[in-house]
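Accompanying notes for the structure given below.
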Amino acid sequence: MSELRIVPVTDDQTLLDWQRVHNEIIPTAPLSVEEIRERVTRNVLEVAYDGDVLVGCSTVRPPSEETSAAVVIARVLPAYRRRGFGTAIYEHCVRRGRELGDGIETHILSSNEDGVRFAKAHGFVEVETYLLPGDTIPFIELRAE
């Protein structure tokens, strides 16, 4: 990892970069540009670059009626995993999440074995497995202990 930059989604380029990472890592629930524009009004969406190279993105959702915890999701493109990017993005998001909520949760597509392993290695435990309408691959909800 040389020069990791984490920047908010504020323009078309960062929005499209966020979309690229999200849709590659969560192919069962791709998001349109319009859906992302709506999400950025209620969540913290950021993009991570190693220098000028896109390596990942993140989402921090504030607490909701369903949970008092903030939801933190760090995504790293497969080609850039195991280089410290995930840890750096995750730690950045957790700092923000702790400002917003009581506790930290994350949601990971069950087929993303690297992501599930990463979360468990960082102290998360499985709380629930759920399917979105029309999906065949479940998501796993995990909570930091």
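Data table
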{"item": "Packing rank of 28-35, 110-117, 138-145, where each peptide gets the mean count of other beta carbons within 10 Å, highest leading", "result": "138-145, 110-117, 28-35"}
{"item": "Computed helical MRE - 222 nm, the chain, DSSP H runs ≥ 4 contributing -39500 (n - 2.57), nearest 500", "result": "-9500 deg cm²/dmol"}
{"item": "The chain, relative contact order [Cα under 8 Å, separation at least 6], %", "result": "18 percent"}
{"item": "Estimated FRET transfer efficiency (S64, V127; beta-carbon r; R0 22 Å; 0.05)", "result": "0.90"}
{"item": "Selected from H107, H122, H22 as most flexible by GNM, with the chain as the system and alpha-carbon contacts under 10 Å", "result": "H122"}
{"item": "Local net charge near F124, Cβ-Cβ under 13 Å (Lys/Arg +1, Asp/Glu -1)", "result": "-2"}
{"item": "Compactness of the stretch 67-145 as Cα Rg over 2.2 N^0.38 Å, two decimals", "result": "1.08"}
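Since every read-out is calculated from the coordinates, none of them should be taken as a lab result. Since the structure is predicted, the reported quantities are computational estimates derived from the model, not experimental observations. For neighbour counting, all protein chains shown are included, and Cβ atoms are generated from backbone atoms with ideal geometry for every residue, glycine included.
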